[in-house]
Amino acid sequence: MSKIEVIGPNEPTTPKKDFVHLHLHTTYSLLDGAQKIGDVKKPKKEYGMLNVVKEMGMSAVAVTDHGNMFGVVDFYKKATAAGIKPIIGCEAYVTAGHRKDKSTRGKTFHQLLLAKNALGYKNLCKLITIGYFEGFYYRPRLDKEVLRRHADGLIGTSSCLAGEVCQFLLRNQPEEALKAAKEYMEIFEGRYYIELQMNGIQEQMKVNPMLVKIARELKIPLVATNDVHYMTKADAEAQDVLMAIQMRKSVDDPNRLRHEVQEFYIKSPEEMYQQFAEWPEACDNTLKIADECDFELNLKDYYFPVIDTPEGIDNNDDYLEALTREGLEERLKVRMPQVPEEEREALRKEYDERLVYELGIIKSMGFSDYFLIVSDFINWAKDNGIPVGPGRGSAAGSLVAFAIRITDIDPIKHVLLFERFLNPERVSMPDIDVDFCEDRRIEVIDYVKKKYAVPDGESVAQIITFGKLKAKAVIKDVGRAFNMSFSETNAIAGLIPNVLNITLSQAIEQEPKIADLMSKDPKINKVIDISLRLEGLNRHSSIHAAGVVISDGRPLDEHLPLYRPAGTEDVVTQYDMKGVESIGLIKFDFLGLKNLTLIQNCLQMIKENHGVDVDISAIPLDDDKVFKLLTSGDTLGVFQLESSGMRNLMIRLKPSTFDDVIALVALYRPGPLESGMADSFIKRKHGEEEIDYFFPVLEPLLNMTYGVVIYQEQVMQIANVLASYSLGEADLLRRAMGKKIAEEMQRQRTRFLDGAEKNGHDAVKAADLFDKVEKFAAYGFNRSHSAAYGLIAYQTGWLKAHYYHEYLAALFTSDAGNTEKVLNFINDCRLHDVELLPPDVNESQKNFSVVDKKIRFGLSGVKNVGEGAIDSIISARKEDGPFTGLYDFCQRVDPKKVNRRVLESLVKCGAFDFCGKTRAGMFSCVEEALSFGAKVQKEKNSAQFSLFGGELAPVRPPEIPDITEWVDKQKLNLEKEALGFYISGHPLERYRSDLKRFTSSTIVNLTDKADKSEVNIAGIITARRDLTTKRGDRMAILTVEDLTGYVEVCLFPKVFQTAVDILDQDVPLLLTGDVEHDEKGATLKAKSVRSLMEARAEKANEIHLQLSTLDLSESRINELVTVMRKHPGRCRAFVHIQVPQKLQTTIKLPEEFTLDPTEAFVEDLERLFGSNPTYFK
C-alpha cells in the first residue's frame, strides 16, 4: 500500500501551475533553433523539446519557426502521440512597405502568428506561401495588406524586440508604437496580444513597461513568452555556435550576430510565473490562447487528383478495369506465341484469375485513381518517345501495372508477387517509383503540371528534404567555428568509423582514440561536446530527387504551405515526403535514370550506323554473347554490374540464365556477401555444395536460387505453402522478420509452426526452417526490384556485347563530366583494341560518335566550347562542307560564338590535327586566324549590301608556321587542360611495365580494398593543396591519377617532410599507404612517397628499345649511338627492330652499351623516335 502524505492545516494544497510556450523555434528554424522536436515514446531515438515539455508537465506547446512551417507535421504527430496539445504557428516577417518592393530590406518586422482553427491553418499556409512567392527578399516577407486579407482564424502578438511595436518604442516613437498596435488590433479583430519577454536583455527590460502601458490603454491582453531557441540553459553555447555556422564565421568574431543572454531555453511554469510576478495574467493568457486554439490536422483521408473518365464509363474503377483488360490482351499477343500450345489455356486462366484478384484488391482499397494517374503520365512519356524504365521496386509484381504499361516486367513469367506491392491485409498507399530518361524527365513533370493545372494557384510541386548535421559533418562545422584548420577537423572526423548513419556517441564508444583526444586537448573536448548537442539538427533544405505531389483540383496551398528556393522558380512543398503523405496528398516519384538516356543514345547510333531499329524491350533473354560478356567480367559501364567487386562475383558465379542476373542484383550487398549466402549460391550452382530445399514441397519455390532464400518473396511463399499463410499475411511475417520485434516474432513463430503441423509437416524441421528463414530474411531482397533492374542490366550488357563501339560512345557522352569514369572507359577501349580519336572539327558531332569502328570525341566534351559554338561549327560544316584548315574555319564560323578561348581549346585537344600542322604552330597563330576570319566575313557582308553586289575574290590565308611540336609532356598536359584527361597518350604509358612490377593495386580498384589495408599505387599529381597544421607543420592533400582513375592522398607532416622535394619535381610517384573509406569513396593515407623512376632505377636490369626499320636511317642510328653513350649505366640493352608487316628481330647490344634507366635517357629517345620507344625489365 502506498504511503499517504498528510497535509496539515498550515499546508494548503496548491495545484501545480501550467504554462504554454507560444513562441518557440526548433531545428526547422535552420541553423538557429538548436532543438529537435523530440519523441516522447522513443527518447533514445530523438530527445527534443517535447520531451522537456512533457517532463515539466506542460499540457500544450506551440512551434513558431522563422518564416516557415517546415516542421508542422513532424511536430503535430509527435506532440499528439505524447499527449501534448500542438499549436501550429510561425514567426513571420512583415515589411513596412509593399511585399513586392525590394527596396525595404531593413524595414522588416517579426510577427508571431498562431492558427486558432482550420481557417487559421489555411490562412497561415496561404500567408507563408505568399511570403516566398511574392515577398521574398533575403527573407519571405508579408505586408499588412495581405496579412489583413488572410488574418481570419489567426492569433497575432506584438512578437519579440524585432516586432514593429517594440521597434518604434526602441526608437523613442511611442505614438507610432501605439498606432501600430491599434492597426494590428484591427487586423486580428480582438485576437491580438501584447507579447512580453523577461530575458534580461537591456532593451527588452526597457520596453516591457511601455508595452504594458500600450496594452492597458488599448485594452489589449498581455501574453508571456520566452522566444525559446534551445532546451536548457546548458545548450545556450551550442546554439551560439550554430548561429556562427549559419553566418560562416568563427565564434570569436566580434562582428557577428549573437544572443547577449543565455535565457532562451524552455523554462518551467514556475520559472515563468516567478519572472512575470508583476503581470501574472500574461502567463494565464498562454493557457487561454492554448484553449482557444482548436485545430486538428486531417491525417486520415487521401486527396486524389481529379481524373476525367471517357464518355460511357461511369467511374474510375470501371475505367481502370477497361484499360487493364484491353492492355492485357495486347501483352498476351506477345507472350502466348512463346508458350507451347498445350500450356496456353492453363496459362491464360492464370492471367485472368490474377487480373480479377488484383483489380478486386485495388478497387476495394480505393486506389484505382492512383493507377490511372501513373499510367497516364507513363504512357504519355512512352508515346512521346521518352524512355521509361521497365519498373522499379515492388510495383513490378503487379499484373495490372504490367497490363497498363506502368511496368514492362511480366510478374507471372518472372514469379513476382502482387502482395509484396499491395497487401490486402495492411492498407497503405501504393508507391510506384518511375524511372525516366534523365534528359527528358522534366518534360513529363511539365505535362503533369499542365494536365492538373488549377486557377489561382499551384497544383503540382516538388518535395522538400532536409540535410542534417551528421557525425562527420558536425565535427567539421563546429571545428571551423572554433578556428580549427581543415587538417585538424579532418583528422578528428577521420576517426569516426565509416558505418552508415553512425552517431557521434557510437563513434566515441567504438574508437578509443576519440576519447583519448578529448582527454588530452580541451579545445577538441569542447568541439565534440558542442557537436554532440548539435548532431542531428537540420543543416539546410533541398529538393527531393524524385518526389512530386499533385493536388486534388484545389491549389496546393489550401493543404500545405509552399516554398520557393531563393533565385529559382521552383515550386516546393514545405513539408517533407512523410509530411506530404501524412496529410493525404498523393506523392509520385519521377526519377531520372541516366542509363535510360544512355540506352536511347546508343539505339539512335545503332540505327544511324547500321540501319537497324533495335527494340530493346524485345531482345531475347538467353543470348550467349551476353552471358559470355558477364562470365568474363567484361561489364565496365553495364548497369548495376560494373564495380570490380560485382565483376569478381560474376566471374565466380558464371551466370547462364536471366534468373542468375536477377540473383546477382540481390546478392551483391553486404548482408548476402558477409553471411555466406552468395558463396552458397555459387557453390550450389556449380555442384560444389548439396542443394537443400528443406521440404520437397518447397523445391518449386527455391529451385531458381538453388535452395538459398535470397528474395523476400520466397519468405512469403514458404509461409504460404508450408504453413497456409495467405500471401497478405505472409507479407506481414516478412515485415516482422525485418523489424525483429521479439514479441511479434514469437507470435509469428507459433502461427508458422501450427500451420506447418496442420499441413502434416515435421514440427522440428519446421522450427529449424523458421529460424533459418528468419536469418535469411534479414538479408532478403525484393525480387520484383531485382528483376526490373536486372532487366536494365541485361539490356545494357546486350548492347555492349553486340554493339560495343556505339555503346562505349554513348557511355562517354553519358559520363563526359565524370573524369574518373571517362578514364575507366578509355582503359576499356584499350582492352578492346578500340581507338579513341580526339575531337575533330570536321568529324566530331556534339556528342561522342562512331567513325570507321573508332570512337570520335564529341565537341561537347571540350572545355570552353559551349552549345552556341558547337551549333555554329556543325551548321557551317553542313552548309559548305568540311573545313580545309584553321583559317578556313575562322572565316566560316560565327565569331561571336567561336572566340579565342574556344579556338585555343580546340587546337590544344587536337581538333585541327587533320591540317597536318603541329599544334604548337597552329596555337601560335590563333589570334591572327580569328582576325583574318572576322575581316573576311566583314568584307563578305559588305559586298552583299554594296551598290554593285557581286562576290569577292577569295583571299589567300597566311601560312601556318612550321614550329616544332610541343614535347610529349607539354602536348599531353595542354590536351588534358582542354579535355579534362589525356586522350592521345598518357604520361604513365611509358611506365606500364613499372606499374605492374611495383604496385599492388590500380586506383580504380581501391574501392574494393579493405579499410585500413596497405597498398602500393603509382601515379602523377594532378592537384596539390599544401596546408599548415595548428602547430605550424606543413602537410598536403594530393590528387593522384594513374591509367584507371583518381584518388585523394593525404600526406601528414612526417611523410610530407620526407617527400616535399620529390613532390616539387613533377615526376611520377610510387606511394605506399593505408586505404580509408568514407561517404565519398576511397582515399589514401600515405606512409611513404618516392619517385617511380628511382624505384625503377633500383630494380631494372634490362632496357628494351622498340624501333621500326622505317626509323633507322644512317643519321638516326648515329644519333641513337650518341644518346646511348650519353647515358652509360648497368642495365643490359636490347633493340627490337620491327620490319613493317613482317617479323621482329631482337638484338642484344654489347657490354659497352649498358645503360642508365633515367628519365633523361627516355626523353632523349622520345625526341628521336616519338612516344614510348622503350620499356624496362
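The values are calculated or read from the model by the stated rules, or taken from the named source; none is laboratory data. Because the structure is predicted, anything quoted here is derived from the model rather than measured. Glycine gets a Cβ as well: all are built from the backbone with ideal geometry, and neighbour counts include every protein chain shown.
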inquiry  = Tell me which helices (runs of 4 or more DSSP H) are completely within the range 333-424 and hold 3 or more residues being assigned by TED's automatic domain parsing to the domain that holds Leu323 and polar (S, T, N, Q), or say none if there are none.
reply    = 368-383
note = Checked the range 1094-1117 for anything part of a strand (DSSP E or B) and free of Cβ contacts under 8 Å to residues at least 40 places away in the same chain; matches are Ser1108
query = How many residues, within the range 657-687, are surrounded by 15 or more Cβ atoms within 10 Å (Cβ to Cβ), free of Cβ contacts under 8 Å to residues at least 40 places away in the same chain and not hydrophobic (A, V, I, L, M, F, W, C)?
reply = 7
inquiry  = Among (1) out of contact with any helix residue (DSSP H, G or I) (no Cβ under 6 Å at 6 or more places or on another chain); (2) modelled with pLDDT of 85 or more; (3) among the small types (Gly, Ala, Ser), there is one condition Ala1018 misses while meeting the rest; what is its number?
reply    = (1)
query = Is at least one residue of the range 554-572 under 26 Å from Leu31 (Cα atoms), surrounded by 15 or more Cβ atoms within 10 Å (Cβ to Cβ) and touching a His at 6+ places or on another chain (Cβ under 9 Å)?
reply = yes
ask   = Can you name the residue in the range 476-497 that is part of a helix (DSSP H, G or I) and of a type in the set (A, V, I, L, M) and, of all such residues, is surrounded by the fewest Cβ atoms within 10 Å (Cβ to Cβ)?
value = Ala493
inquiry  = Take the residues in the range 1061-1093 that are assigned to a helix (DSSP H, G or I) and surrounded by 15 or more Cβ atoms within 10 Å (Cβ to Cβ); name whichever of them is nearest to the chain's Cα centre (by Cα).
reply    = Leu1063
message = Tell me yes or no: at least one residue of the range 1128-1137 is β-branched (Val, Ile, Thr), outside the structural domain of Thr1007 (by TED's automatic domain parsing) and in a helix (DSSP H, G or I).
response = no
query = Would the range 525-546 turn up any residue that is buried (at least 23 other Cβ atoms within 10 Å of the Cβ), under 16 Å from Tyr452 (Cβ atoms) and touching a helix residue (DSSP H, G or I) at 6+ places or on another chain (Cβ under 6 Å)?
reply = no
Residue that is farthest from Glu1098 (Cα to Cα), among those in the range 1132-1161 that are touching a helix residue (DSSP H, G or I) at 6+ places or on another chain (Cβ under 8 Å) and aromatic (Phe, Trp, Tyr) = Phe1153
key: Residues that are under 23 Å from Gly579 (Cβ atoms), over 39 Å from the mean Cα position of the chain (by Cα) and charged (D, E, K, R), drawn from the range 261-315   = Asp294
remark   = Scanning the range 993-1016 for residues that are over 26 Å from the mean Cα position of the chain (by Cα) and among the aliphatic types (A, V, I, L, M), the one nearest to Asn648 (Cα to Cα) turns out to be Val1015
task = Only residues in the range 734-758 that are in the same structural domain as Val721 (by TED's automatic domain parsing) count as the first member; pair them with residues that are modelled with pLDDT under 85 and surrounded by 15 or more Cβ atoms within 10 Å (Cβ to Cβ), Cβ under 7 angstrom, at least 6 apart or cross-chain, and list the lot.
result = Arg734/Ala777; Met737/Ala777; Gly738/Ala777
note = Within the range 1022-1032, of all residues that are assigned to a strand (DSSP E or B) and surrounded by fewer than 18 Cβ atoms within 10 Å (Cβ to Cβ), the one modelled with the lowest pLDDT is Thr1028
key: Residue identified as modelled with pLDDT of 95 or more and out of contact with any helix residue (DSSP H, G or I) (no Cβ under 9 Å at 6 or more places or on another chain) among Lys267, Lys288   = Lys288
ask   = Ile514 is checked against (1) in contact (Cβ under 8 Å) with a residue 60 or more places away in the chain; (2) surrounded by 17 or more Cβ atoms within 10 Å (Cβ to Cβ); (3) over 30 Å from Val73 (Cβ atoms) and fails just one. What number does that condition carry?
value = (1)
task = Could you check how many residues of the range 865-909 are buried (at least 17 other Cβ atoms within 10 Å of the Cβ) and in a helix (DSSP H, G or I)?
result = 18
task = Mind telling me which of the residues Tyr193, Tyr184 ends up being at pLDDT 95 or above and under 26 Å from Ile266 (Cα atoms)?
result = Tyr193
query = Which one of Leu598, Leu517, Leu591, Leu500 is part of a loop (DSSP other than H, G, I, E, B) and hydrophobic (A, V, I, L, M, F, W, C)?
reply = Leu500
task = Check every one of the helices (runs of 4 or more DSSP H) wholly within the range 764-861 and list those with 1 or more residues that are in contact with a His (Cβ under 7 Å, 6 or more places away or on another chain).
result = 783-802, 804-814
note = Output for Cβ contacts, cut-off 9 Å, separation at least six or different chains, first residue without any contact (Cβ under 8 Å) to a residue 40 or more places away in the chain in the range 454-479, second in a helix (DSSP H, G or I), reads Lys476/Phe486; Lys476/Thr489; Lys476/Asn490; Lys476/Ile492; Lys476/Ala493
note = Of the residues in the range 1139-1177, those that are within 52 Å of the chain's Cα centre (by Cα) and either small (Gly, Ala, Ser) or more than 21 Å from Arg997 (Cα to Cα) (or both) come to Ala1160, Glu1163, Asp1164, Leu1165, Glu1166, Arg1167, Leu1168, Phe1169, Gly1170, Ser1171
query = Considering the range 1029-1064 alone, what residues qualify as being of a type in the set (Phe, Trp, Tyr) and touching a Gly at 6+ places or on another chain (Cβ under 9 Å)?
reply = Tyr1046
query = When you go through Ser860, Ser849 one by one, which is the residue that is of a type in the set (S, T, N, Q), in the same structural domain as Leu930 (by TED's automatic domain parsing) and modelled with pLDDT of 95 or more?
reply = Ser849
inquiry  = For the structure I just gave you, tell me whether Lys685 is modelled with pLDDT of 90 or more, closer than 21 Å to Phe658 by Cβ and among the basic types (Lys, Arg).
reply    = yes
inquiry  = Please return the ranges of helices (runs of 4 or more DSSP H) entirely within the range 116-209 where 1 or more residues are touching a residue at least 24 places away in the same chain (Cβ under 8 Å) and among the hydroxyl-bearing types (Ser, Thr, Tyr).
reply    = 118-133, 174-188
query = Does Leu170 qualify as being under 24 Å from Asn117 (Cβ atoms) and either crowded, with 22+ Cβ neighbours inside 10 Å or of a type outside the set (D, E, K, R) (or both)?
reply = no
task = Kindly indicate the residue of the range 763-789 that is more than 28 Å from the chain's Cα centre (by Cα), of a type outside the set (Gly, Ala, Ser) and surrounded by 20 or more Cβ atoms within 10 Å (Cβ to Cβ) and also farthest from Ile741 (Cα to Cα) among those meeting that condition.
result = Leu769
